[in-house]
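Below you'll find the structure, written out as structure tokens, and then a few comments.
Just so it is clear, none of the values below were taken in a lab; they were calculated from the coordinates. Remember, predicted model here, so these are calculated numbers, not experimental data. Reconstructed Cβ throughout: ideal geometry from the backbone, glycine too, with neighbour counts over all protein chains shown.
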Amino acid sequence: MNDAPLLDTAGPETRAAEALLARLDAAARRVETPCGQGSMAWRLWGERHGDEPPLVLFHGGSGSWRHWVRNIEPLAARRLLVCPDLPGLGESAMPHPALDPTPIAAEVRQGLAQVLGEGTRYDLAGFSFGAMLAGHVAAQAGAELASVTLVGAAALGLPRPRTELVKVRDKEGAERIAAHRHNLEILMVADPRSVDALALVIQEYNTRHARFRSRGFAHTASLRDAVAQARCPVALLYGERDAIAWPDVEARFAALRSVQTDAWTGVVPGAGHWVAYEGAESFNAMLLDMLARRARG
């Protein structure tokens, strides 16, 4: 179901963006699992390919599965792809009240076991807030988790550069679109030209449907402490100009290696925080290559 309201400037580029999202949504198999007082929405694309485990993607804060719009088809051609709307975001209900990500990750992990089948082995990648939840899932998981890849991760116990976002909820029309554009440019992308009609349509839907507030978790060491307990291969990827890591991406890599000495790392040149969108082709290739090399041991 794609009930995103059209932006006020519903020109041909906006209509094409809506059509793309609707097509991807229609191609997905939608599953629901319990979450808080309601349900959590999951979408699956593609099929199992031989012994390749499913690939599970967790989107970012104030987001939805739409954060992966430029990755779904390339990745689903190689893997069974599983994308939830995380609790309190998109179409998913709020989680049970929690003071830290641990119980939220447990709810998500229980849902994933229902979607894939108990004990099914899978690879996991999470973006931003989704990276934090992925790290907490990795801390709780056993042999079913083949690997975890953290993308644009915060909560590694390091200072985070300040980003001055504009409030959107009290705005409409051109003022609202301008606020979306500002927020995308200052936090999500490195090149303002990356803020196209598709990015704006996704930002509008995600903002309208976001109820869970995750930003407070980003200024902690929660992810570093959780992923220290992971018993599977760990990787950390950033866009070269990620606003939450620039100008010292290497410090983030060092923080991860302080708890996971064999962690893999990668940088997508020229991309910002939303690296899977802005640097989609390079990101897709890097992620698939890293997963393949880890599978070979």
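Legend: calculated FRET efficiency, Glu52 to Ala106, from the Cβ-Cβ distance at R0 = 45 Å, rounded to 0.05, equals 0.95. Were the residues from Val166 through Asp225 laid out at 0.36 nm apart, the gain over their Cα-Cα distance would be 18.1 nm. Between Ala251 and Ala19, what is the FRET efficiency for a Förster distance of 45 Å, r being their Cβ-Cβ separation, to the nearest 0.05? Calculated transfer efficiency: 0.60.
Here the stretch 25-144 yields Rg over Rh of 0.93, to two decimals, using C-alpha coordinates and the Kirkwood radius.
With the alpha-carbon atoms of the stretch 181-258 aligned to their principal axes, the span from lowest to highest coordinate is 40, 29, 22 Å, starting with the largest. Percent of C-alpha pairs per 10 Å bin in the stretch 216-297, short distances first: 18, 44, 36, 2. The residues packed around Val267, meaning those with a beta-carbon under 11 Å from its beta-carbon, carry a net charge of -1 if Lys and Arg are +1 and Asp and Glu are -1.
Computed 3J(HN,Hα) for the stretch 19-31, one whole-Hz value per residue from the Karplus formula 6.51 cos²θ - 1.76 cosθ + 1.60 where θ = phi - 60°, is 5, 4, 5, 5, 5, 4, 4, 5, 7, 7, 9, 9, 10, glycine and proline marked x.
Scanning residues 5 or more positions from Ala230 or on other chains, none has an amide H under 5 Å from its amide H, with H placed 1.01 Å from N in the peptide plane.
Explain nothing, just the number: relative contact order of the stretch 5-88, from Cα pairs under 8 Å at least 6 residues apart, as a whole percent.
Numbers: 109 pairs, mean separation 24.9, N = 84.
Once normalised by length, the contact order is 30 percent.
As a test of the definition: which semi-axes, in Å, follow for the chain when you take the square root of five times each eigenvalue of its alpha carbon gyration tensor? Largest first, please.
Numbers: eigenvalues 143, 97, 73 Å².
Working through the eigenvalues yields semi-axes of 27, 22, 19 Å.
A simple rule links phi to the HN-Hα coupling: the Karplus curve 6.51 cos²θ - 1.76 cosθ + 1.60 with θ = phi - 60°, which for the stretch 143-160 gives 5, 5, 8, 7, 6, 10, 10, 9, 10, x, 7, 10, 6, 9, x, 10, x, 10 Hz, with x for Gly and Pro.
Which value in Å does the Kirkwood hydrodynamic radius of the stretch 251-297 take, with 1/r averaged over all unlike C-alpha pairs and then inverted? List each step's numbers first, then the result.
Details: mean 1/r = 0.0843 Å⁻¹.
Final number for the Kirkwood radius of the stretch 251-297 is 11.9 Å.
This model, with +1 at the C-beta of Lys and Arg and -1 at the C-beta of Asp and Glu, gives the chain a dipole about its Cα centre of some 340 debye.
Bin width 5 Å, alpha-carbon pairs only: give the P(r) of the stretch 74-210 as whole percents, running from 0 to the bin holding the largest distance. Going from the shortest bin to the longest, the percentages are 2, 8, 15, 19, 18, 17, 12, 7, 2, 0, 0.
Using the Cβ-Cβ distance between Arg78 and Glu240 with R0 set to 22 Å, the FRET efficiency works out to roughly 0.30.
Assuming 1.002 mPa s and 20 °C, estimate D for the stretch 231-275 with Stokes-Einstein, Rh taken as the Kirkwood radius over Cα pairs, in µm²/s. It would help to have the intermediate numbers written out before the result.
Numbers: Rh = 10.7 Å.
Estimated diffusion coefficient is 200 µm²/s.
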